[in-house]
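The values are calculated or read from the model by the stated rules, or taken from the named source; none is laboratory data. Because the structure is predicted, anything quoted here is derived from the model rather than measured. With ideal geometry, Cβ positions are generated from the backbone for all residues, glycine too; neighbour counts draw on all protein chains shown.
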Amino acid sequence: MIWVDNNILSTFTRVSAMDLLFILFSRQQLGLTPAVRGEMLEAIEQGCAWLRDIVRLIESGRLQLVALTPEELLATATLPDSFGDGERKCVAVCQTRDWPFLTNDKRARNYCQQTGVEAYDLAGLLRTLWESGLKSKRFVRQLADRMEAAEGMAIKNKEAIFRK
């Protein structure tokens with residue numbers, strides 16, 4: 001199982017690119033916590049209609065909704081206060097179950113890397129798309145541009161994604 005945070009789900013969904021994650025991780029199920037689903041539902045109520053696609057993916061079983069164990073819930077209290085509820089729960093699950101974590105939250109990613117949890121950010125995912133041969137550099141560059149425009153953000157070290 002590969003655990004996915006709401007920021008990665010939102011970014012890929014906003015540019016209609018969720019299929020790329022399913023292709024990239026075709027041998028593993030993508031999962032999320034009920035807390036991440038809750039964050040998605042709140043965002044939909046606030047006008048983020050594109051996130052309805054995430055709910056449909058959960059309902060169809062393409063995205064697996066996995067509840068935390070009592071031990072994982074207790075473990076969330078030991079994580080940094082700077083994390084949101086969703087990040088705490090995601091990190092607790094990944095630590096306990098030894099699952100990789102897809103997140104674009106810099107604090108969560110850095111914490112995971114420091115504590116031995118395999119974590120990938122948006123730049124790493126984009127790089128993997130072209131390095132693996134799934135997509136061309138040109139396609140990935142255009143995808144990154146679309147993501148930046150749609151999300152109103154800048155991908156840090158964007159050019160590093162395309163260096164050999």
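What to note about this one:
- Matching residues in segment 63-72 - criterion: being surrounded by 15 or more Cβ atoms within 10 Å (Cβ to Cβ) and not in a helix (DSSP H, G or I): Leu63, Gln64, Val66, Leu68
- Matching entry among Ala108, Ala35, Ala75, Ala43 (being over 23 Å from Leu129 (Cα atoms), of a type in the set (Gly, Ala, Ser), in contact (Cβ under 8 Å) with a residue 40 or more places away in the chain and surrounded by 16 or more Cβ atoms within 10 Å (Cβ to Cβ)): Ala35
- Top-ranked residue in segment 142-154 [being at negative phi and part of a loop (DSSP other than H, G, I, E, B); ranked as surrounded by the fewest Cβ atoms within 10 Å (Cβ to Cβ)]: Ala154
- Verdict on Leu126 being within 15 Å of the chain's Cα centre (by Cα) and either touching a residue at least 40 places away in the same chain (Cβ under 8 Å) or crowded, with 20+ Cβ neighbours inside 10 Å (or both): yes
- Residue match in segment 9-17 (condition: in contact with a Cys (Cβ under 9 Å, 6 or more places away or on another chain) and either surrounded by fewer than 19 Cβ atoms within 10 Å (Cβ to Cβ) or part of a helix (DSSP H, G or I) (or both)): yes
- Unmet requirement for Lys106, which otherwise passes all of (1) of a type in the set (D, E, K, R); (2) within 13 Å of the chain's Cα centre (by Cα); (3) over 26 Å from Ile155 (Cα atoms): (3)
A quick yes/no check of all residues on (1) β-branched (Val, Ile, Thr); (2) outside any helix (DSSP H, G or I):
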site: Val55; (1), (2): yes, no
site: Ala77; (1), (2): no, no
site: Arg88; (1), (2): no, no
site: Asn110; (1), (2): no, no
site: Lys156; (1), (2): no, yes
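- Entry remark, segment 129-141: residues being outside any loop (DSSP other than H, G, I, E, B) and surrounded by fewer than 13 Cβ atoms within 10 Å (Cβ to Cβ) number 1 in total.
- Residue list for segment 48-77, filter: over 18 Å from Phe12 (Cα atoms), among the aliphatic types (A, V, I, L, M) and out of contact with any strand residue (DSSP E or B) (no Cβ under 8 Å at 6 or more places or on another chain): Ala67, Leu68, Leu73, Leu74, Ala75, Ala77
- So Lys89, is it at pLDDT below 95, surrounded by 16 or more Cβ atoms within 10 Å (Cβ to Cβ) and under 21 Å from Leu30 (Cα atoms): yes
- Count of segment 38-74 residues which are polar (S, T, N, Q) and farther than 21 Å from Cys90 by Cα: 2
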